[in-house]
1. Need the failing condition index for residue 125 against (1) out of contact with any helix residue (DSSP H, G or I) (no Cβ under 8 Å at 6 or more places or on another chain); (2) crowded, with 20+ Cβ neighbours inside 10 Å; (3) part of a strand (DSSP E or B), just the number.
2. Only residues that are within 21 Å of residue 124 (Cα to Cα) and assigned to a loop (DSSP other than H, G, I, E, B): list them for the stretch 39-76, please.
3. Quickly run through the stretch 48-75 and pick out the residues that are touching a residue at least 40 places away in the same chain (Cβ under 8 Å), out of contact with any helix residue (DSSP H, G or I) (no Cβ under 6 Å at 6 or more places or on another chain) and surrounded by 16 or more Cβ atoms within 10 Å (Cβ to Cβ).
4. Determine which member of the set 116, 146 is touching a strand residue (DSSP E or B) at 6+ places or on another chain (Cβ under 6 Å) and not in a loop (DSSP other than H, G, I, E, B).
5. Which condition breaks for residue 138 when tested against (1) modelled with pLDDT under 85; (2) touching a helix residue (DSSP H, G or I) at 6+ places or on another chain (Cβ under 8 Å)?
6. Which one is surrounded by the fewest Cβ atoms within 10 Å (Cβ to Cβ) among residues in the stretch 128-140 that are touching a strand residue (DSSP E or B) at 6+ places or on another chain (Cβ under 8 Å), in contact (Cβ under 8 Å) with a residue 60 or more places away in the chain and within 11 Å of residue 61 (Cβ to Cβ)?
7. Considering only the stretch 226-255, state which residues are farther than 24 Å from residue 191 by Cα and either surrounded by fewer than 13 Cβ atoms within 10 Å (Cβ to Cβ) or not assigned by TED's automatic domain parsing to the domain that holds residue 269 (or both).
């Protein structure tokens, strides 16, 4: 009987320690990188401990207030991932950039490299859940390892919107006369870098493109164009001519210093207006 009691006490203690390790301790200055790292560690520990209720309720900050049923649906989603064998997660933080109330976490998650977005709300760091799309974006190859750059305040504007006709490369690949305009794209980087942009027309109805993962629309479309911008700085601007009216375009921003490179997520614009990403923060 004593052995049974000892065993029960032992498992209760171990369980309590494991559970507490899933929740990060609060520091006096919660906005520090140290506390952010503790929150990230607690987030992954909760994932691997299958404490999905805590993952959703304690670690996520959703741009749009969710109902209790939506929260439960999110928890069910995590459980389904478990059945597919996506856990346990192993991760390594490569770099962290904190800008105001937003943190950009460059992370290697079991060989898949990603930029995660965490946001500081209610005196703590939370994994950011936007209304549409994913939290962050994937990184190609070894980009951004030695040059982690954050792209900020990306803006697009239609200029020279005369209804002139010009031959353009359309998304379907045919070269034909269309109404065209020029677009001005401005952005900032948190470091002084050289910059370039790659862009191309996207296939599909604009509403459909907006509601789906943008990268899938890049894969099968030819005629990607690249423009390099001379000089080094933090503020960047380019004007692209010959943009077809009524056609959605995608573009990716690049930062360079020597052989080091880093890229942004995918952006979309239609008739000069930025249409993706739709999230409120880190855009």
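1. Single failed check for residue 125: (1).
2. Answer for the stretch 39-76, where residues must be within 21 Å of residue 124 (Cα to Cα) and assigned to a loop (DSSP other than H, G, I, E, B): 51, 59, 63, 64, 65, 66.
3. 60, 61, 62
4. Result of the check over 116, 146: 116.
5. Evaluating residue 138 over (1) modelled with pLDDT under 85; (2) touching a helix residue (DSSP H, G or I) at 6+ places or on another chain (Cβ under 8 Å) leaves (1) as the failure.
6. So the residue we want is 129.
7. Answer for the stretch 226-255, where residues must be farther than 24 Å from residue 191 by Cα and either surrounded by fewer than 13 Cβ atoms within 10 Å (Cβ to Cβ) or not assigned by TED's automatic domain parsing to the domain that holds residue 269 (or both): 241, 246.
The values are calculated or read from the model by the stated rules, or taken from the named source; none is laboratory data. Given the structure is predicted, the values throughout are model-derived calculations rather than measurements. When we count neighbours, we look across all protein chains shown, and the Cβ atoms used for this are built from the backbone with ideal geometry, even at glycine.
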